[in-house]
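Novice: One structure, as structure tokens, below. Some questions next.
The values are calculated or read from the model by the stated rules, or taken from the named source; none is laboratory data. All values reported here derive from a predicted model rather than from experimental measurement. Positions of Cβ are generated from backbone atoms using ideal geometry, with glycine treated the same way; all protein chains shown enter the neighbour counts.
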Amino acid sequence: MRALRSPSAADAGTDAGALPAPERLAAVATVLCLYPRRHRDALTGWLTSASAQRCVAEAAQAEPESILFRDAQGRACWRMYLLPDSDFLAWDLAIGGLPQHRDEPAGGRLIRACRALWHRLGGGWNAQVLRLQLAQDDAGRRILVADSATPSTLGLQRARRIAATEGALLRSEPDTCCCMARRAAEAPDSQPIASH
């Protein structure tokens, strides 16, 4: 287990909104998370995020909406996609108040060629279907916990399509507890964040 200091949303320096509360994210339950391959686990992006935006694609046939999280330097560090297995009402509550970001179309030969080069150089994203939950640590603080999830057939098809569109490697190996994170809501600069 390692401890990290939580960044504040004010450090982001972007027009993105504050982070959704961990309770709101946990209520959505099953989601597809995309995270940089350099991260140790799927919730590291949550730990390093400082702001969030609701993403809506321009094209009518585009992927479902998502939440794009950015770190304090404004770099994308985590992305959460709605799946057919997600709690849609909880999703609406989680994205309430987030500013909207319009995605550029993900297709095109040039874009695919650039992504292929990026992956060969060791960059890129992993994708994993997770079930987010809220738990308590030994000190009684609420933490966000993520276990790998087995989606429905429709959910798996959607996850595969999103991962392919985003150029992400879809991970499917089961984890009993792949990651956990705590973010202090009251005083983010004074509380540590735990992850394993």
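Novice: Tell me, yes or no, whether the range 46-55 has at least one residue that is at pLDDT 90 or above and of a type in the set (D, E, K, R).
Specialist: yes
Novice: Cβ-Cβ under 7 Å, sequence separation 6+ or interchain: first residue in the range 82-100 and of a type in the set (Ser, Thr, Tyr), partner outside any helix (DSSP H, G or I) and surrounded by 16 or more Cβ atoms within 10 Å (Cβ to Cβ). Which pairs?
Specialist: Ser86/Ala29; Ser86/Thr30; Ser86/Val31
Novice: From (1) at pLDDT below 90; (2) closer than 18 Å to Asp147 by Cα; (3) surrounded by fewer than 24 Cβ atoms within 10 Å (Cβ to Cβ), pick out the condition that doesn't hold for Ala27.
Specialist: Unmet for Ala27, out of (1) at pLDDT below 90; (2) closer than 18 Å to Asp147 by Cα; (3) surrounded by fewer than 24 Cβ atoms within 10 Å (Cβ to Cβ): (1).
Novice: For residues that are out of contact with any strand residue (DSSP E or B) (no Cβ under 6 Å at 6 or more places or on another chain) and surrounded by 12 or more Cβ atoms within 10 Å (Cβ to Cβ), tally how many sit in the range 131-147.
Specialist: Adding up the residues that qualify gives 1.
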